[in-house]
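*Asks:* One structure, pasted below without further comment.
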Amino acid sequence: MSSELLPQTSWTRVRTVVNWINLSTLLGLAIATIGGATITRRGRGTYLATGYRFNFPVASAFTIGSVIDTKHDLAYLQARPLLLTHEDRHCTQYAVCVGVVMLPLYFLCVGISYALAGDHSSYNPFERLANLSDGGYPPPTNRFARKP
C-alpha cells in the first residue's frame, strides 16, 4: 500500500455512505479515539486506526463500520495486505448487516463457533466470508469430528 489513497469503486461508495448512515463508522471512529489510536484515511471509504491501546478484542486487527483497528503501527498493516483485504470485507458486512446490528450477530456466531469447534472462527460465517486464511486463521475445525 503506498501513501496514496486506494480508489473508490461504485460499490465502496455505496458501502461508505451506508456505514455512515447506519452509524457503524461513527462508532468505529469513537472506539478508535477512546482507544488512543491514530486514525489515517486508507481509501475505499475506510480508515486505519493504529496504536489502539486496549487488549480487547484479542486480535491482530478488528473492524467496526469502515474503521480497521489494530494495536500495531501502520507499517504492520501495510506489510499485511491480505489482512487488510480480510478486514475490508468486514466493512462490507457492516453495510449489509445494517451497521451496529452486526455486533450482536457476530458475537452470537462466535458463541456457536466456540461450541462447535472450540474457536471463534471455524463456524463463524462473518469470518469465513471474509476468508479465514486472509485473516490469519487456521482452517476450520470441528470438536465432534471422528479422529481416524
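*Asks:* Only one residue in THR92, THR63 is in contact with a helix residue (DSSP H, G or I) (Cβ under 8 Å, 6 or more places away or on another chain), in a strand (DSSP E or B), surrounded by 14 or more Cβ atoms within 10 Å (Cβ to Cβ) and hydroxyl-bearing (Ser, Thr, Tyr), so which one is that?
*Replies:* When all the criteria are applied, what remains is THR63.
*Asks:* Given the condition more than 24 Å from SER121 (Cβ to Cβ), touching a residue at least 24 places away in the same chain (Cβ under 8 Å) and either in contact with a His (Cβ under 6 Å, 6 or more places away or on another chain) or not basic (Lys, Arg) (or both), answer yes or no: does some residue in the stretch 28-37 qualify?
*Replies:* Yes, because at least one residue in the stretch 28-37 is more than 24 Å from SER121 (Cβ to Cβ), touching a residue at least 24 places away in the same chain (Cβ under 8 Å) and either in contact with a His (Cβ under 6 Å, 6 or more places away or on another chain) or not basic (Lys, Arg) (or both).
Residues are listed down the side, and each one gets a yes or a no for (1) over 21 Å from THR85 (Cβ atoms); (2) surrounded by 12 or more Cβ atoms within 10 Å (Cβ to Cβ); (3) of a type in the set (Gly, Ala, Ser):
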| site | (1), (2), (3) |
| --- | --- |
| MET102 | no, yes, no |
| LEU105 | yes, yes, no |
| LEU116 | yes, yes, no |
| HIS120 | no, yes, no |
| ASN124 | no, yes, no |
| GLU127 | no, yes, no |
| ALA130 | no, yes, yes |
| GLY135 | no, yes, yes |
| PRO138 | no, no, no |
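*Asks:* Same structure, new question: So how many residues does the stretch 86-105 have that are on the phi > 0 side of the Ramachandran plot and hydrophobic (A, V, I, L, M, F, W, C)?
*Replies:* So the count comes out to 1.
*Asks:* Yes or no: the stretch 102-122 includes at least one residue that is within 22 Å of GLY43 (Cα to Cα) and in a helix (DSSP H, G or I).
*Replies:* No, that holds for no residue.
*Asks:* Could you tell me which of the residues THR16, THR33 is out of contact with any Asp or Glu (no Cβ under 6 Å at 6 or more places or on another chain), modelled with pLDDT of 95 or more, assigned to a helix (DSSP H, G or I) and under 17 Å from ASP73 (Cα atoms)?
*Replies:* THR33
*Asks:* Scanning the stretch 16-26 for residues that are buried (at least 16 other Cβ atoms within 10 Å of the Cβ) and touching a helix residue (DSSP H, G or I) at 6+ places or on another chain (Cβ under 6 Å), which turns out nearest to ILE68 (Cα to Cα)?
*Replies:* THR25
*Asks:* Which one of ARG13, ARG53 is surrounded by fewer than 22 Cβ atoms within 10 Å (Cβ to Cβ), out of contact with any Phe, Trp or Tyr (no Cβ under 6 Å at 6 or more places or on another chain), without any contact (Cβ under 8 Å) to a residue 40 or more places away in the chain and farther than 21 Å from GLY135 by Cα?
*Replies:* Numbers: ARG53 fails: farther than 21 Å from GLY135 by Cα.
Result of the check over ARG13, ARG53: ARG13.
The values are calculated or read from the model by the stated rules, or taken from the named source; none is laboratory data. If you're wondering where the values come from, they're calculated on a predicted model, not measured in any experiment. Every residue, glycine as well, gets a Cβ built from its backbone with ideal geometry; the counts of neighbours run over all protein chains shown.
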